[in-house]
Amino acid sequence: MRLPVLLLAASVLFALPARADITLFPERETWLSVGPLYSAAFGADEPGTGVGGELTLNGFKGVGGLGLFAQAQKMERGSARLCAGLQGTLFFGGVELGVMHETASRTRVATTGLHVAPYLAFVFGSLGVRFGIPLAGDRDIGPGGVERTRHAREVGLVLTLKLPIALSSHSVWGPIFPWN
């Protein structure tokens, strides 16, 4: 029983230096990802769901990447949520920092704020928690004389599916995807 295990361990140890030319992580690669976005917001003030899309442009070097993101969603509460900013990734985790703007609805005025979203990334998607922190939005009188206030703080769960497209001609993972 010990001999097969020792032979397997030895073959793995000796095979690794022979394949030292294999690169697992990108080296100065640029990737564009596009796909649908679904979110569920929690909280007593404005619960609800939203559907839309996300576009990201990231440069990767080794295990980390830095780039830009943009999102647009139609929210169930009758507004649209737009957001853009910086995105950083390290291994399978990351964070988005940006500005969000939610348009006016029947009960709320247009609101601009800070978008913070830590996430877990996979090749074809991500799962994250979104925090929307309103910074600006004045009170207003809406239809029927009802006073409208800015959108409330938001905590939501976000699921994104992504189609990764290699923009670098020397991509490590590009040949894996038939569209590259």
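The values are calculated or read from the model by the stated rules, or taken from the named source; none is laboratory data. Everything quoted here is computed from the prediction, not taken from an experiment. Virtual Cβ from ideal backbone geometry, glycine too; neighbours counted across all protein chains shown. Calculation scope for accessible area: heavy atoms of the full protein, side chains included, ligands and nucleic acids excluded. Shrake-Rupley method; radii C 1.70, N 1.55, O 1.52, S 1.80 Å.
On inspection, Pro36 does not qualify as touching a strand residue (DSSP E or B) at 6+ places or on another chain (Cβ under 6 Å), open to solvent by less than 80 Å² (accessible area, probe 1.4 Å), at pLDDT below 85 and more than 16 Å from His151 (Cβ to Cβ).
One residue stands out in segment 59-79 among those that are modelled with pLDDT under 95 and in a strand (DSSP E or B): the one that is most open to solvent (accessible area, probe 1.4 Å), namely Lys61. In segment 80-93, the residues that are under 28 Å from Gly62 (Cα atoms) reach residues that are not in a strand (DSSP E or B) with C-beta atoms within less than 7 angstrom, at least six apart or across chains, in these pairs: Leu90/Val63; Phe91/Val63.
Asp21 falls short on exactly one of the conditions (1) of a type outside the set (Ser, Thr, Tyr); (2) out of contact with any strand residue (DSSP E or B) (no Cβ under 8 Å at 6 or more places or on another chain); (3) at pLDDT 75 or above, and that condition is (3). The strands (runs of 3 or more DSSP E) falling completely within segment 96-166 that include 1 or more residues that are within 12 Å of the chain's Cα centre (by Cα) map to 111-122, 125-136, 154-161. Scanning segment 100-127 for residues that are more than 22 Å from Leu159 (Cβ to Cβ) and open to solvent by 60 Å² or more (accessible area, probe 1.4 Å) yields Arg106, Thr107.
Checked against the criteria, Glu54 does not count as within 21 Å of the chain's Cα centre (by Cα) and at pLDDT below 95.
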